[in-house]
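The block underneath contains the structure these notes are about, expressed in structure tokens.
Throughout, read-outs are computed from the coordinates displayed, never taken from laboratory work. Computed from a predicted structure; not experimentally measured. With ideal geometry, Cβ positions are generated from the backbone for all residues, glycine too; neighbour counts draw on all protein chains shown.
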Amino acid sequence: FHNYLVQTRSQRDTERELLCVAVTMADIYPGDGWNFVYGQARSTDGVGVYSFARLDPLFYRATSEEILQTPLTEEHRIIMLRRCIKILLHEIGHLFGLKHCIYYVCLMNGANNEKEMDRQRLYLCPVCLCKLHSTLQFDVEHLYETFGNLCEEYELETECSWYQKRLEYIH
């Protein structure tokens, strides 16, 4: 799959398109001996892939057929949305050169299971934020406003509150 993404990216306008990220509903495995990974990125190639397969709260508790027949509750929708955003942002973090965080509970913590995935935050810790900022030189206040607004729009109340508190502190 990695080779396909690299080939696809090479056929695109790499001056305007910095990254290529693929999303799949299939489980992904980087090699023999691996159980699964939620996502994988290669910063040297600017490509990443992540899987929705294990993000449904029912994944470990029901068959595929049962999952398809079970209506999605609002609670499960929020859990899945939060997990999907975490994986995508985590993999994009890798594409920008961030490694797994060992300093704080952070978006860039590694996750090998559902519990670890849910423990991750939807924001970077101060160490990872500083690393990313030194690379990209973005406006932190604008980033927090944008992410806070998105969290509000998608009803991610905990994260929305976190971004609002950080903005209050900045002001």
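Arranged from fewest to most other beta-carbon atoms within 10 Å of their beta carbon, Y104, Y60 become Y60, Y104.
Approximating the spin labels as points 7 Å out from Cα along Cα→Cβ, the V23-to-H133 distance works out to 2.9 nm. According to the calculation over all Cα-Cα pairs in the stretch 22-79, the P(r) per 10 Å bin from zero is 20, 43, 27, 10, 0 %. Residues D27, D32, D139, ranked from the fewest to the most other C-beta atoms within 10 Å, line up as D32, D139, D27. Cys residues of the chain that find no other Cys beta carbon under 4.7 Å: C20, C84, C128, C130. Helices meeting the span-like rule in the chain (full DSSP H runs, Cα extent of at least 27 Å along the helix axis, mean Kyte-Doolittle score of -1.0 or higher): 74-95. Put in line by how crowded their Cβ is, counting other Cβ atoms within 10 Å and starting with the fewest, M117, M25, M108, M80 read M25, M80, M117, M108. Estimated from the Cβ-Cβ distance and a Förster radius of 45 angstrom, the FRET efficiency linking Y154 and D32 is about 0.75.
Dipole magnitude for the chain: about 580 debye, using +1 per Lys or Arg Cβ and -1 per Asp or Glu Cβ, origin at the Cα centre.
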